[in-house]
1. Output the number of the condition that Asp111 fails; it satisfies all remaining conditions of (1) closer than 15 Å to Phe122 by Cα; (2) within 22 Å of the chain's Cα centre (by Cα).
2. Name the pairs whose Cβ atoms lie under 7 Å apart, with the first residue in the stretch 193-207 and within 18 Å of Phe145 (Cα to Cα), the second open to solvent by 70 Å² or more (accessible area, probe 1.4 Å), and 6 or more positions between them or separate chains?
3. Could you grab the pairs with beta carbons closer than 7 Å, sequence gap of 6+ or different chains, first residue in the stretch 75-90 and of a type in the set (D, E, K, R), second one open to solvent by 10 Å² or more (accessible area, probe 1.4 Å) and assigned to a loop (DSSP other than H, G, I, E, B)?
4. Out of all the residues in the stretch 126-146, is one or more at positive phi, at pLDDT 95 or above and within 18 Å of the chain's Cα centre (by Cα)?
5. Return the total of residues in the stretch 23-43 being open to solvent by 10 Å² or more (accessible area, probe 1.4 Å) and either assigned to a loop (DSSP other than H, G, I, E, B) or in contact with a Leu (Cβ under 9 Å, 6 or more places away or on another chain) (or both).
6. Being within 22 Å of Tyr229 (Cβ to Cβ), at pLDDT below 95 and in a loop (DSSP other than H, G, I, E, B): is that true of Ala120 here?
7. Taking the condition open to solvent by less than 30 Å² (accessible area, probe 1.4 Å), at pLDDT 95 or above and at positive phi, does Gly232 pass?
8. Among (1) modelled with pLDDT of 90 or more; (2) closer than 29 Å to Cys6 by Cβ; (3) of a type outside the set (A, V, I, L, M), which single condition is Asn30 missing?
Amino acid sequence: MFRRECSIPLRGSAAALSNNLSVLQLPTRNLTHFGVVHGPSAQLLSAAPEGVPLAQRQLHVKEGAGVNSLLITQVHWCVLPFRVLLVLTSHRGIQMYESDGSIMVYWHALDSRDASSAQAVFARGIAASGHFICVGTWSGQVLVFDIPAKGPNIVLNEELAGHQMPITDIATEPAQGQDGVADMVTADDSGVLCVWRSGPEFTLLTRIPGFGVPCPSVQLWQGIVAAGYGNGQVRLYDATTGALHIQINAHARTICVLDLAPEVGKLLSAAEDTFVHIWKLNRNPDNGSIEVEHCHGECVSDTQVCGARFCDPSGGSFAVTGYDLAEILRFSSV
């Protein structure tokens, strides 16, 4: 069971974008960072455990000529082995900051020459994999940036071509030194999923076909791909074979976000139907089949949920954002 805690006030509100909440926990400082997008700005907040906001900062899209809609599409903290970077994507490009948003260390402009006049140009979908940061684009390509241990000498290492439609989300998990293990999954607007093995050169392992419905959010845990779709379904696939194991009619409307608590295998799903659900994933030790159990359902009444994240790796608390809602809602286990 979870109970509602004190909410964290926002200066503005959250835009109606999928995955519109990023959370970074700093246990050594007893702080949690929250990031929320609204229009041309991203709001960063630091809060104590009781929810009191201690610091706020706003980041904006890098200005440029000839661009009419300078809108941010996502903000996300990328935890690398040796540093943490804050990544901001927009219709202009990709901006990378030190974790507190104080210094921009890298800027990558999107190349719109291959886009038609009717096609929107943007980046969306952000994840860290080892010492790489991967970012999706409107063209279906995934840009892989090699991140140094310190400093701004970030290099575009590779461009992955597995999708024909705009990328919606990217999820990764540590491969833990196992060769040939799937450790990244990418999703697109047509519902296609691509499963990759990271390394000096990323390798496409399997391609899971779509079924005409967008996949706004995806997660990866111990060889299980969890995908949330526009029809409210959560589907669980085997990352190695791409085989569908479980299909859950989890929500009545579009799923806007999935999140994982990696220490315990809890999966959070949130959708535009005002509900947040928590599920427990497991692999049967006897036959290796994927199992799922429903643990909790929370109705955030009169709210079009657009972001939700666990606030700790054990899944003991989570936070929720909603369209036009000027606060971050917090819930903790009883």
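The values are calculated or read from the model by the stated rules, or taken from the named source; none is laboratory data. Given the structure is predicted, the values throughout are model-derived calculations rather than measurements. Because the Cβ atoms are built from the backbone with ideal geometry, glycine has one as well, and the counts that use them run over all protein chains shown. Just so you know, the surface numbers come from the protein's heavy atoms only, side chains and all, with ligands and any DNA or RNA stripped out. Shrake-Rupley method; radii C 1.70, N 1.55, O 1.52, S 1.80 Å.
1. Of (1) closer than 15 Å to Phe122 by Cα; (2) within 22 Å of the chain's Cα centre (by Cα), only one is false for Asp111: (2).
2. Trp196/Leu204; Thr203/Arg197
3. Within 7 Å, the pairs are Arg83/Ala149; Arg83/Lys150.
4. The answer is yes; a qualifying residue exists.
5. 11
6. The answer is yes for Ala120.
7. Yes; evaluated as a whole, the condition is true for this residue.
8. Every listed condition holds for Asn30 apart from (1).
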